[in-house]
Amino acid sequence: MPVPKKRRSRSRKRTRGAAWKIVLPNLKNCAQCGTPIISHRACPNCGDYKGQQVIVFKEKKSASKDA
Ligand SMILES: [Zn+2]
């Protein structure tokens, strides 16, 4: 069974572990509706991308519509 040749120091172990960190994606406000969106993606709120409507929603989801 393979066994590590040298003991990993506390510092080396922690240094390697520190490379794995969560990075917040680049957020940018939508030009159409202003909600924060991931850049280079269509807006999930209004379906706008580069000033064009790329997603057509069948109906708008609004909570106040029910009567
Ligand atoms: Zn939008």
Quiz item: Pairs, please: C-beta under 8 Å, at least 6 apart or cross-chain, first residue of a type in the set (A, V, I, L, M, F, W, C) and at pLDDT below 85 and in the stretch 27-39, second more than 10 Å from the ligand (Cβ to nearest atom) and part of a loop (DSSP other than H, G, I, E, B)?
Solution: 31/51
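Condition first: among the small types (Gly, Ala, Ser) and within 25 Å of residue 54 (Cβ to Cβ). Now tell me which residues in the stretch 9-41 satisfy that. Spell out the reasoning first.
First pass over the stretch 9-41, keeping only residues among the small types (Gly, Ala, Ser): 9, 11, 17-19, 31, 34, 39.
Of everything in the stretch 9-41, those that are among the small types (Gly, Ala, Ser) and within 25 Å of residue 54 (Cβ to Cβ) turn out to be 31, 34, 39.
The values are calculated or read from the model by the stated rules, or taken from the named source; none is laboratory data. Keep in mind the model is a prediction, meaning the values are calculated, not measured. Don't worry about glycine lacking a Cβ; one is built from the backbone with ideal geometry, like all the others, and counts go over all protein chains shown.
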